[in-house]
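Since the structure comes first, as structure tokens, the remarks are kept for the end.
The values are calculated or read from the model by the stated rules, or taken from the named source; none is laboratory data. Everything numeric here is computed off the predicted structure, so don't read it as measured data. Backbone-built Cβ (ideal geometry, glycine too); neighbour counts: all protein chains shown.
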Amino acid sequence: MDNMASLKERILALPTEEQETRRAYYSKEEWETSWALHARPFQVAPLGEWKVWSIYSPPGVGSTRAGAEWVADTLLENKGKPVTVLVYCGYPARMDRIRQEIMGALQNRGVTDVHTAPVGVSIGLLLPWAASVRFTGDSSDSLRGVRADYIWGDSVLRAGDIVRDHPQAERFVFSDPARPAKHTLVSRAGDPRI
């Protein structure tokens, strides 16, 4: 079996009887839309304790999607808490696409009450339980000093600077950073160790 196969693909490769047993664990909707079933191994956050995780993949393979899904999971894991997630976009022209990816990931998890609103200097996302997502370009200057609980950087130049500028953040995820931060766990598309 291909080590890049998703859980769904691995289940579909099983003998028919075992497939049916495993599929019974999931609703029809989960089988079609669940990120846990469709994600490639390199797109799934590491288990256990970690502070910085970097995902590397060729264009179009899914590192940005993995970051958006991580943001949605993080917001739901903290439901009821007023958390702030900062999203640094290495390519500001992609900010709207990334915002839509996060909104789509939340909607796939049943969160439909998400609104766009001005948050600081950009348009952010506000969730019903006082959680927010703020977006900025690659420069950490615009959000230096802003308190953030979690941070995702997509195609940023200097991941280490972002980590340094937000020492209070619990976790950082970087998709395709130009230079990784120190002490980072790394996932790569096609990495045989995964």
*Please go through the stretch 30-50 and pick out each residue that is touching a helix residue (DSSP H, G or I) at 6+ places or on another chain (Cβ under 6 Å) and touching a residue at least 60 places away in the same chain (Cβ under 8 Å).*
33, 35, 43, 45
_Members of the stretch 136-155 that are modelled with pLDDT of 90 or more and not small (Gly, Ala, Ser)_ = 149, 150, 151, 152, 154
*Applying the selection to the stretch 1-29, what residues are loosely packed, with under 14 Cβ neighbours inside 10 Å and in contact (Cβ under 8 Å) with a residue 40 or more places away in the chain?*
3
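Give me the residue from the stretch 180-194 that is touching a Pro at 6+ places or on another chain (Cβ under 9 Å) and assigned to a loop (DSSP other than H, G, I, E, B) and, out of that set, modelled with the highest pLDDT.
Here is the first cut: in the stretch 180-194, the residues touching a Pro at 6+ places or on another chain (Cβ under 9 Å) are 184-187, 189-191, 194.
Next cut, assigned to a loop (DSSP other than H, G, I, E, B) only: 184, 189-191, 194.
Details: 184: 85, 189: 77, 190: 61, 191: 48, 194: 38.
Checking each candidate, the answer is 184.
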*Among residues of the stretch 100-118, those that are in contact with a strand residue (DSSP E or B) (Cβ under 8 Å, 6 or more places away or on another chain) and at pLDDT below 90, counted*: 5
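Quick grid of which residues meet (1) surrounded by fewer than 19 Cβ atoms within 10 Å (Cβ to Cβ); (2) under 18 Å from residue 60 (Cα atoms):
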residue	(1), (2)
150	no, no
167	yes, no
178	yes, yes
189	yes, yes
_Answer residue from the stretch 27-55, given it is out of contact with any Ser or Thr (no Cβ under 7 Å at 6 or more places or on another chain) and among the aromatic types (Phe, Trp, Tyr) and is farthest from residue 130 (Cα to Cα) among those_ = 31
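Among the residues of the stretch 3-15, is any modelled with pLDDT under 85, in contact with a Pro (Cβ under 9 Å, 6 or more places away or on another chain), farther than 30 Å from residue 157 by Cβ and polar (S, T, N, Q)?
Yes, some residue in the stretch 3-15 is modelled with pLDDT under 85, in contact with a Pro (Cβ under 9 Å, 6 or more places away or on another chain), farther than 30 Å from residue 157 by Cβ and polar (S, T, N, Q).
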